[in-house]
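The values are calculated or read from the model by the stated rules, or taken from the named source; none is laboratory data. Keep in mind the model is a prediction, meaning the values are calculated, not measured. Because the Cβ atoms are built from the backbone with ideal geometry, glycine has one as well, and the counts that use them run over all protein chains shown. Just the protein is used for accessible areas: all its heavy atoms, side chains included, with ligands, DNA and RNA removed. Shrake-Rupley method; radii C 1.70, N 1.55, O 1.52, S 1.80 Å.
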Amino acid sequence: MNAVVIAVCLMLALSFARINVVIALTISALVAGIVGGLDLNQTIAAFNDGLGGGAQIALSYALLGAFAAALSHSGLTTLISHSIIKKLGKEPNSTNTNVVRWMLLLTILAMAISSQNVLPIHIAFIPILIPPLLHVLSTLKIDRRLIACLLTFGLVTTYMILPIGFGGIFLNDILLANLNNNGLAAVHSQIPKAMLLPALGMVCGLLFAMFVSYRKPREYQIIAEQVNHETAEHGINRKSIVISIIAILATLIVQLQTNSMIFGALAGFIIFRFSGIIKRSIGQDLFNQGVHMMANIGFIMIAAAGFAAVLKSTGEVSTLVASLGDIIGDNKALAAILMLVVGLLITMGIGSSFSTIPIIATIYVPLALSFGFSIPATIALVGTAAALGDAGSPASDSTLGPTAGLNADGQHDHIRDSVIPTFMHYNIPLLGFGWIAAMVL
């Protein structure tokens, strides 16, 4: 059996067995290398070489975590939480509870969408916004699996269709560039249009999660002291709110000017540090707290980069795709579904749709053209094949980010409450709608 298939299945099995994702990725990388024909030293060398590819992302998330901790300390997120609690009232009734529930869900969804373009901080807003709201979520008995689906929808669907912020990077800088480098001759205007139909599958998955799967109340332990303690410790004043807004704007401007999340987050943290909001005595502790909050995600991304490097070194990705030719024959419909399934496997293992495109475009574009797929259909095939697995991969920041916020009180399991729900509600409809797009465009 192909080394990529074995390694990805092993990684998923270990993750579902509650083995730490970093360990699961490392073990699976060793297995992939050995099964793929590399000796132990070559496998370790490839893994080590790949680790550097995740270092920039890990440092970005660490500094974003520090910025998130500083922003939380300012009282802005506490103010948001208190506003919602006030709206709910001391004596909740069915009317205001329902209003607050929908207001909360729509606010979280809007923030997830805007985090990819309006304020391109990606998952950094999750540990800023979600932990102060856990008290409210528990009071309203909102199923946190629904919140995970909302967050993942905003993180993934947005970059699939909107060529702004992270979407501009995915659609133009990565997808379009790799398609044209392999002889497709696509233009900018074709990319978002071709991805609309696959994105509709994501919309259907979200609606099913909201109105069917997770509409019923779910009980959580309510930590009554959570919000009150935070308010008493930090306080809320006008200066803190103003400084918070300035820091957010500075983070956005610096990130857009430098194209670096690292320096954007650093600028925001420095403003907090020297504004007087953060006392010198707790500044270092606050920085360490923020880094610790995002450290797990950083280590997983580093390990995922090493895992991806081993897969590339084996050459088994090309072998896996090339072997499709013997199975497909002249069946165009079968070609489309198998290309999407292989893309799902690769992205589930790597954990990043952005990293998957350069791997599969080289082989998928000639293969699609040989079967007579149109340019829009080829765009949909490659774009969907890459996006498949981003939602639902244990190593994806689209599932790691929601877990980082929702598990702040230890009541949200990464695999069972983030990975499985997002996989079921997004990858399955995305697979179906991606296949339809390839056949009709």
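Structural remarks
- Just one residue in the set F433, F354, F371 is within 30 Å of I142 (Cβ to Cβ) and open to solvent by 40 Å² or more (accessible area, probe 1.4 Å); that residue is F433.
- If you go through region 84-128 and pick out every residue that is of a type outside the set (K, R), modelled with pLDDT under 75 and open to solvent by 60 Å² or more (accessible area, probe 1.4 Å), you end up with 6.
- Candidate set: region 129-147, residues that are open to solvent by 10 Å² or more (accessible area, probe 1.4 Å) and out of contact with any Asp or Glu (no Cβ under 7 Å at 6 or more places or on another chain); chosen: the one modelled with the highest pLDDT: L140
- Every test in (1) open to solvent by 10 Å² or more (accessible area, probe 1.4 Å); (2) at pLDDT 90 or above is passed by L150 save one, and that test is (1).
- Answer from F433, F354, F423, F373 - the residue that is outside any helix (DSSP H, G or I), in contact with a helix residue (DSSP H, G or I) (Cβ under 9 Å, 6 or more places away or on another chain) and aromatic (F, W, Y): F373
- Of I147, I164, all but one fail to be outside any helix (DSSP H, G or I) and more than 17 Å from L430 (Cβ to Cβ); the exception is I164.
- Scanning region 25-57 for residues that are within 23 Å of H414 (Cα to Cα) and at pLDDT 85 or above yields a total of 4.
- Among the candidates L207, L256, L252, L196, residue that is at pLDDT below 80 and either surrounded by fewer than 15 Cβ atoms within 10 Å (Cβ to Cβ) or under 30 Å from G432 (Cα atoms) (or both): L256
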